[in-house]
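Okay, so here's the structure we're looking at.
The values are calculated or read from the model by the stated rules, or taken from the named source; none is laboratory data. Computed from a predicted model, the values in this text were never measured in an experiment. A quick note on method: Cβ atoms are made from the backbone with ideal geometry, for glycine too, and the neighbour counts reach across all protein chains shown. Ligands, DNA and RNA are excluded from the accessible area calculation, which covers all protein heavy atoms including side chains. Shrake-Rupley method; radii C 1.70, N 1.55, O 1.52, S 1.80 Å.
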Amino acid sequence: MEKYYGIAAIVIICILVLFMGTIKQKSGAVTVFVLRSFVGAIGICITNEILASQGISVAAGINPVTVLTIGTLGISGFALVYGILFYKLL
């Protein structure tokens with residue numbers, strides 16, 4: 001009977017270690033997402049100012065859709081947002 005308790009304890013410890021590793025990886029992904037979103041919002045502000053100073057009437061708004069797009073896709077999401085706006089300009 002003690003043998004089964006030992007096996008159960010080893011299995012529980014292994015599952016706990018795997019669970020901690022998964023949590024650590026997911027927290028890294030959340031951190032990257034938040035940083036991308038923050039930098040993307042700042043990039044939108046700067047790009048809007050640069051375009052306004054050049055007389056180009058294209059401005060992306062900072063809203064949940066653009067922040068989620070940039071946070072998920074990164075630089076390509078930033079290009080996508082402005083690509084859609086320039087497409088509408090045509």
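For the range 33-50, 3J(HN,Hα) computed residue by residue from phi via the Karplus equation (6.51, -1.76, 1.60; θ = phi - 60°) reads 4, 5, 5, 4, 5, 5, 5, x, 5, 5, x, 4, 4, 5, 5, 4, 5, 5 Hz, glycine and proline entered as x. Accessible surface calculations at 1.4 Å, restricted to protein heavy atoms, place the range 1-55 at 84 Å² per residue.
Backbone geometry of the range 62-69 corresponds, through the Karplus equation with coefficients 6.51, -1.76 and 1.60 at θ = phi - 60°, to 3J(HN,Hα) couplings of 9, 9, x, 5, 5, 5, 5, 5 Hz, x marking Gly and Pro. Other residues with beta-carbon under 14 Å from the beta-carbon of residue 32 carry, at +1 per Lys or Arg and -1 per Asp or Glu, a net charge of +3. Result for the chain in a Gaussian network model with C-alpha springs under 10 Å: among 43, 61, 21, the largest mean-square fluctuation is at 21. The convex hull defined by the C-alpha atoms of the chain has an orientation-averaged projected area of 7.4 nm².
Of 11, 39, 65, the residue with the greatest mean-square motion in the GNM of the chain, using alpha carbon springs below 10 Å, is 11. Surface composition of the chain: carbon plus sulfur atoms hold 76% of the accessible area, using a 1.4 angstrom probe and ignoring ligands, DNA and RNA. Springs join every pair of Cα atoms under 10 Å in this Gaussian network model of the chain, and among 13, 23, 46 the largest mean-square fluctuation is at 13.
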